[in-house]
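Okay, structure first, notes after.
We did not get these values from a lab; they are worked out from the coordinates using the rules stated. It should be emphasised that the depicted structure is a prediction, and the values quoted were computed from it without experimental measurement. Backbone-built Cβ (ideal geometry, glycine too); neighbour counts: all protein chains shown.
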Number of protein chains: 4
Amino acid sequence: MIETDTSSHGYAPQKDQLIKRLRRIEGQVRGIAKMVDEDRYCIDVLQQVSAVKAAMDKVALGLLNDHVTHCMTAGGADDERAREATAELIGAVRRLVRS
Amino acid sequence: MIETDTSSHGYAPQKDQLIKRLRRIEGQVRGIAKMVDEDRYCIDVLQQVSAVKAAMDKVALGLLNDHVTHCMTAGGADDERAREATAELIGAVRRLVRS
Amino acid sequence: MIETDTSSHGYAPQKDQLIKRLRRIEGQVRGIAKMVDEDRYCIDVLQQVSAVKAAMDKVALGLLNDHVTHCMTAGGADDERAREATAELIGAVRRLVRS
Amino acid sequence: MIETDTSSHGYAPQKDQLIKRLRRIEGQVRGIAKMVDEDRYCIDVLQQVSAVKAAMDKVALGLLNDHVTHCMTAGGADDERAREATAELIGAVRRLVRS
């Protein structure tokens, strides 16, 4: 069943938000193609490229967050403890990715 | 005139290739949204997110390459020298971005 | 006791290797300062800077690996399962950090 | 002569500042080895690893800045124009590296 399947992958709660965010990124990429087609200034195009990369990182950290929480609670950790450990871990990965 | 305008931004020669590449990335992002919607395994989704980031880096390095070549030749450097200096510089930026 | 303390942070098994690696990175950074002092070519210096960043990423992924394994087994997951889930997760983080 | 050599690599003006910064980073890396040796909490160690990576990026952007300015003025661009174009370019690279 889909419900079960979803919960087993751990990103159900934020699924809609994730898809929305990805639609927005899709639009950003289309916008960059348009900028290139219109011969917009290279530095401005690069700014949009960096914005897409940053947005993809947010998507990735959201996915990781749900996955890790899921792994930990599946492993038997209580919810509160799993949430705390995950938040700490994701914070560390975020600093690592952005540096 | 468009021709002139294009050359002034320095990415004319590879414009078609860039737009093609961006169309492909747009499709990749759409594919990721579909994966999320179908509750595909988080780690597989993350792999696609990383692929999009790497593809955006290639776009950025291509844009930078044309921009820097253009800046240098506009500054009066001869073409061969500008190409060499640019290749060296872009190599350094690539290593920096990917590390 | 140190033994207990160490195991509670989860990087005991690879502690010596990590410290060795960090000593090597310290030497690399000192080497970069020397290159700058000797007016070595900028692009060569940049290559060493990228090498240090890549080496720091390896340190980080090693630390993360031990931490996540520890969190999962502490949460009650059996060792084999925790190792597998961690390897998968660290692979995803590596691709994310390097892209 | 050193003077000539230095100017030919383009980072003379900020040489002392760069070396100072690298000495500080060397100390940070030594501090991380000490943290590992003292079994400090993994997440805190990771934070220092990210700080070193960010500091290395600043070093790299400083080197790039001087190199690009040098390439452009060597190519015949006037100083003011070269400085502007370089600042713009380095800004773009910074956004790219940090995202």
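Neighbours of B:Ala55 by Cβ distance under 9 Å: Lys/Arg scored +1, Asp/Glu scored -1, total +3.
Cross-link partners for D:Lys20 among the lysines, with Cα-Cα distance under 28 Å and sequence neighbours closer than 8 places in the same chain left out: C:Lys20, C:Lys34, C:Lys53, C:Lys58, D:Lys34, D:Lys53, D:Lys58. A label point on C:Gly76, set 7 Å along the Cα-to-Cβ line, lies at 0.6, 7.5, 7.5 nm from each of its counterparts in the other copies, closest listed first. Label-to-label distances for B:Gly27 across copies, nearest first, come out at 2.3, 4.9, 5.4 nm, using points 7 Å from Cα in the beta-carbon direction.
Across peptide C:33-41, how many C-beta atoms of other chains are within 10 Å of each residue C-beta, on average? Before the final figure, lay out the partial values.
Working: counts 9, 2, 1, 12, 5, 4, 12, 3, 5.
Mean partner-chain Cβ count within 10 Å for C:33-41: 6.
Shielding value for C:63-73 is 5, the average number of Cβ atoms from other chains within 10 Å of each residue's Cβ. Please work out which residue of chain B brings its Cβ closest to the axis of the rotation superposing B onto C, and round that distance to whole Å. Residue of B nearest the axis onto C, distance in Å: B:Arg98, 3. Annotation for C:Asp44, label-to-label distances across the other copies: 4.1, 4.2, 4.9 nm (shortest first, one decimal, point 7 Å from Cα along Cα→Cβ).
Only sites in a loop by DSSP and with at most 16 other Cβ atoms within 10 Å count here; which trypsin sites (Lys or Arg not before Pro) in the stretch B:55-99 make the cut? Show your work: numbers first, answer last.
Details: sites: B:Lys58, B:Arg81, B:Arg83, B:Arg94, B:Arg95, B:Arg98; in loops: B:Arg98.
Those satisfying the criteria are B:Arg98.
For the peptide D:18-26, the mean number of other protein chain Cβ atoms found within 10 angstrom of a residue's Cβ is 5.
Annotation for the stretch D:34-99: GluC sites (Glu not before Pro) lying in DSSP loop with at most 15 further Cβ atoms inside 10 Å of their Cβ are D:Glu38.
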